[in-house]
Amino acid sequence: MVNHTVVLYTSPAIGHLISAVELGKLILKHHPSLSTTILITTPPYNTGSTAPYIKYVSHTCPLIHFYYLPIINLPSTNSPHNETLAFELLHLNNPLVHQALQSISHNSTVQSFIIDSFCTPALDIGINLNIPTFYFFTSGISALSHLLYFPTHTKKLDDQDTYLDFPRLPRISISDMPKPMLDRTDKVHEFILSTATHMPKSQGVIVNSFESLEPRALKAISEGLCVPRSFI
């Protein structure tokens, strides 16, 4: 009997790992014939130990499997943003992710590949392997709409007194935006833009929210208002 699995690929931070596990549990609840496989990145920097949590999940949820990617070395960086390290690590992981998906495919049929919003470099891997590839966005729909529309505002980021308008949502002061999004001198800005422009190329985005909580943001996204037409 051929095993069917859903592969999840997440940022190494414990908060993102927990979210991926909870999504895996939800998938298994609705599709008990499946298994889930979570790709684990072991970063060469401290993000807090995930071993006790992974051990607990492995014991209590036997249909959730963990696949450890080899440790890689990161080039030195002077970036003040922790997000830069995470994006760089996950970018360099690409050959290992490709090998992992091929290895898993030897014994299982990979039904879908679900990537964290930090894992955009892996989108093309799933597409090239003909695996339906989705994003898992661990924040709410409003935050997703801000990210998708962000490329529209890249030329307005130098004036801290400016307010940014987003479809169907309240305007936001630039000074209240996450600092990594505003630092155009750092690679993290490029990574965030890449995520925003690649999301529409996936099969869809799984978001941690529901319609009655954020109806305006959901309507803006479903109507295509948050994605610049040049990226559609």
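Read-outs: derived from the displayed coordinates by stated rules, not from any lab. Please read all numbers here as calculations on a predicted model, not as lab measurements. Neighbour counts run over all protein chains shown; Cβ positions are idealised from the backbone, glycine included.
A few comments on the model shown:
- Looking across the range 186-232 at every residue that is of a type in the set (Val, Ile, Thr) and in contact with a Gly (Cβ under 9 Å, 6 or more places away or on another chain), the one that is surrounded by the fewest Cβ atoms within 10 Å (Cβ to Cβ) is identified as 232.
- Residues considered: 165, 183, 176. Of these, the only one that is farther than 30 Å from residue 112 by Cα and crowded, with 17+ Cβ neighbours inside 10 Å is 183.
- Condition met for residue 76 (surrounded by fewer than 17 Cβ atoms within 10 Å (Cβ to Cβ) and in a helix (DSSP H, G or I)): no
- For first residues located in the range 148-166 and within 17 Å of residue 220 (Cα to Cα), partners that are basic (Lys, Arg) and not in a loop (DSSP other than H, G, I, E, B) and lie 6+ apart or on another chain with Cβ distances below 9 Å form the pairs 164/156; 164/171; 165/171.
- Filtering the range 164-211 to residues that are among the polar types (S, T, N, Q) and touching a strand residue (DSSP E or B) at 6+ places or on another chain (Cβ under 8 Å) leaves 173, 202, 203, 208.
- Any hit, the range 19-30, residues being in a helix (DSSP H, G or I), touching a helix residue (DSSP H, G or I) at 6+ places or on another chain (Cβ under 7 Å) and within 17 Å of residue 136 (Cβ to Cβ): yes
- Count - residues of the range 67-114 that are aromatic (Phe, Trp, Tyr) and closer than 20 Å to residue 132 by Cα: 2
- Residue within the range 185-204 that is in a loop (DSSP other than H, G, I, E, B), in contact (Cβ under 8 Å) with a residue 12 or more places away in the chain and at positive phi present: yes
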